[in-house]
Amino acid sequence: MLKCHEVTALASDWLDGELTVGQRMKVRLHLMMCRHCRNLVDGLATTQRILGQRVESEAAIPDQFLQRTTSALEARLSEGASQGPPNGNIAVSDAAGNDPAFHPLQETSDDRVLAIFDEIRQKEGYVPNLFRTYAHNPDLLEQAWSRVKSLMYNGQLSPRLKNAIATIVSQDNGCDYCVAHHKRMLKTLGVEPSDLSTFMATSEPVFLGPMDAALLQLAREANRNPHGMPPDLIANTRAAGASDSAVMEAIGVMELYSSFNRMLDSLNVALEPEMASEL
Amino acid sequence: MSEDMEQAATEEQHLVGRLRQRDASAYHEAVQRFSGSMLATARSMLDPATAEDVVQETWVAVIDAIDGFEGRSALKTWLCTITANRARNRLRKSNRETLTDFQSPLDPSLERRFNEGGSWAQPTPPWGSESADELLSNEALKECLDKHFEALPETQRSVLMMREIQQMEADDVCRILGLSSANLRVSLHRARQKLFTMIEGFRETGEC
């Protein structure tokens with residue numbers, strides 16, 4: 001027989017029909033015998049109804065908000081087919097001299113840097129400004145590139161998952177440079193444009209399986225809420241089939257991109273002009 | 001499906017089609033129709049000014065995102081999901097809340113009313129036949145409820161708003177708030193208990 005304390009703990013699940021058949025029978029039996037718990041459950045149900053009626057599902061729409069939003073929408077709609085940055089505050093390098101604060105390295109005679117640039121070109125087709133910026137310090141360039149190689153071009157997790165982690169962590173951190181690059185990677189990896197739109201808007205990873213989705217949620221929370229990560233997120237990830245080594249790799253990708261995000265944003269590193277359409 | 005619902009669904013499909021074609025008048029119509037729910041959702045997590053910013057940004061983002069809308073939920077619910085997803089990121093930057101202790105399903109206000117054996121030490125009196133409507137006819141109680149709703153911990157308030165008021169899917173709420181489904185249930189239960197004890201106290205003393 002359940003104790004009153006246990007019935008009180010299950011009361012919302014009872015009211016919402018979230019109990020298993022066995023639990024439901026036990027609660028029903030207890031409620032038949034115990035008027036105190038019946039009072040609690042009735043009161044809780046009334047509370048729920050009161051909340052539903054009292055808490056406004058719609059707030060009043062201020063006129064000023066309406067005007068601002070209408071002009072923001074009109075401005076964006078008149079820009080033509082989804083081109084141009086949505087918030088207009090990211091640096092894009094251009095010949096017109098609108099220089100960002102910190103310049104990616106364009107010319108160098110450092111053999112070590114040149115060798116790494118060659119490797120990057122083989123993998124990515126060109127040398128992104130991310131690496132050109134690190135190149136001011138060859139040791140750091142070497143470290144950054146070797147982490148990208150081992151995490152993004154090797155390892156056990158799928159490239160889709162890893163680029164999804166890079167995208168969402170960068171979006172949460174507000175790094176438009178990384179978002180543009182990894183959105184493009186996801187497209188290259190065959191993610192449907194409409195699935196990508198959904199992902200960017202609602203963060204629902206429709207293109208990932210359950211284990212990858214759990215790893216993505218874990219990595220996302222590790223980035224935005226490291227002090228308050230509910231322990232059962234890790235347990236759920238394991239239950240979805242992820243090994244601890246996979247968990248570590250997902251966290252590693254998060255860690256890599258959150259550090260790239262900080263570097264790129266603080267130095268206001270420019271997005272390559274050819275990437276601007278990805279914004 | 002009733003005829004009314006079918007008609008509403010067709011109307012919504014038509015609106016979505018116009019939004020996809022980047023029809024400015026469709027956006028104008030949608031902003032007037034849905035911003036109220038989006039603002040209420042954002043305000044459960046943010047101060048009013050930031051909430052307005054987030055809803056405005058959401059509308060601009062919808063221009064690109066609408067292609068991904070599949071109609072699995074109502075358009076309004078989908079818009080609230082995008083709003084909440086963006087609001088949650090603002091939240092992280094502005095403050096950090098004290099975490100709900102997910103291990104205990106009972107709110108401290110109720111927990112202390114049990115003895116060590118798990119039986120009621122201070123049982124809850126019957127709520128009688130007073131219906132929700134009757135209770136809500138009391139202006140002082142309404143004010144008190146608003147005050148306590150505002151004072152709920154961040155997570156509990158946004159869970160109530162998203163799940164109970166905006167009827168968002170549990171999976172969506174979990175993803176946005178970074179909760180497991182078990183912790184979502186705990187948050188919801190804890191929030192209801194807090195407001196339950198508030199209403200109970202009010203009925204006994206007439207004071208907030």
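The values are calculated or read from the model by the stated rules, or taken from the named source; none is laboratory data. Not measured: the values here are computed from a predicted model. Virtual Cβ from ideal backbone geometry, glycine too; neighbours counted across all protein chains shown.
Does any residue of region B:113-133 turn out to be within 27 Å of B:CYS80 (Cβ to Cβ), of a type outside the set (S, T, N, Q) and under 12 Å from the mean Cα position of the chain (by Cα)?
If we filter region B:113-133 for residues that are within 27 Å of B:CYS80 (Cβ to Cβ), which is where we start, we get B:132-133.
From what is left, the residues that are of a type outside the set (S, T, N, Q) are B:132-133.
When the remaining residues are screened for being under 12 Å from the mean Cα position of the chain (by Cα), the result is none.
The answer is no; no qualifying residue exists.
For region A:161-214, which positions are in a loop (DSSP other than H, G, I, E, B) and either surrounded by 19 or more Cβ atoms within 10 Å (Cβ to Cβ) or at pLDDT below 95 (or both)?
At the first step, the residues of region A:161-214 found to be in a loop (DSSP other than H, G, I, E, B) are A:174-175, A:189-192, A:203-209.
Residues satisfying the conditions are A:GLY174, A:CYS175, A:VAL191, A:GLU192, A:SER203, A:GLU204, A:PRO205, A:VAL206, A:PHE207, A:LEU208.
Find the residue count for region B:40-58, including only residues that are of a type outside the set (Ser, Thr, Tyr), within 25 Å of B:GLN21 (Cα to Cα) and buried (at least 24 other Cβ atoms within 10 Å of the Cβ).
The initial filter retains those residues of region B:40-58 that are of a type outside the set (Ser, Thr, Tyr), namely B:40, B:42-43, B:45-49, B:51-57.
Those left that are additionally within 25 Å of B:GLN21 (Cα to Cα): B:53-57.
If we keep only those that are buried (at least 24 other Cβ atoms within 10 Å of the Cβ) too, we end up with B:54-55.
Total satisfying the criteria: 2.
The rows are residues; the columns are (1) hydroxyl-bearing (Ser, Thr, Tyr); (2) farther than 22 Å from B:VAL159 by Cβ; (3) assigned to a helix (DSSP H, G or I); (4) under 21 Å from the mean Cα position of the chain (by Cα).
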| position | (1), (2), (3), (4) |
| --- | --- |
| B:VAL31 | no, yes, yes, yes |
| B:SER37 | yes, no, yes, yes |
| B:THR50 | yes, no, yes, yes |
| B:VAL55 | no, no, yes, yes |
| B:ILE63 | no, yes, yes, no |
| B:GLU70 | no, yes, no, no |
| B:ILE82 | no, no, yes, yes |
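Name every residue in region A:11-45 that is of a type in the set (S, T, N, Q), more than 15 Å from B:LEU188 (Cα to Cα) and either out of contact with any Asp or Glu (no Cβ under 9 Å at 6 or more places or on another chain) or crowded, with 20+ Cβ neighbours inside 10 Å (or both), in order of residue number.
Within region A:11-45, the first condition is being of a type in the set (S, T, N, Q), and the residues that meet it are A:12, A:20, A:23, A:39.
In the following step, the residues that additionally are more than 15 Å from B:LEU188 (Cα to Cα) were identified as A:20, A:23, A:39.
Result: A:THR20, A:ASN39.
Among the residues of region B:102-148, which ones are over 23 Å from A:ARG38 (Cβ atoms), in a loop (DSSP other than H, G, I, E, B) and at the interface with chain A (Cβ under 7 Å from one of its Cβ atoms)?
The one that is over 23 Å from A:ARG38 (Cβ atoms), in a loop (DSSP other than H, G, I, E, B) and at the interface with chain A (Cβ under 7 Å from one of its Cβ atoms): B:PHE102.
Would you point out the residue of region B:155-176, among those that are over 22 Å from A:ASN236 (Cβ atoms) and assigned to a helix (DSSP H, G or I), that is farthest from the other protein chains (Cβ to nearest Cβ)? I'd like the intermediate steps shown before the answer.
Step one: filter region B:155-176 for residues over 22 Å from A:ASN236 (Cβ atoms), giving B:157, B:160-161, B:164-167.
From the residues that got through so far, the ones that are assigned to a helix (DSSP H, G or I) too are B:157, B:160-161, B:164-165.
Working: B:ARG157: 10, B:LEU160: 7, B:MET161: 7, B:GLU164: 6, B:ILE165: 5 Å.
Out of the qualifying residues, it is B:ARG157.
Looking at region A:2-10, can you tell me whether even one residue there is more than 9 Å from chain B (Cβ to nearest Cβ), surrounded by fewer than 13 Cβ atoms within 10 Å (Cβ to Cβ) and in a helix (DSSP H, G or I)?
No, the conditions are met nowhere in region A:2-10.
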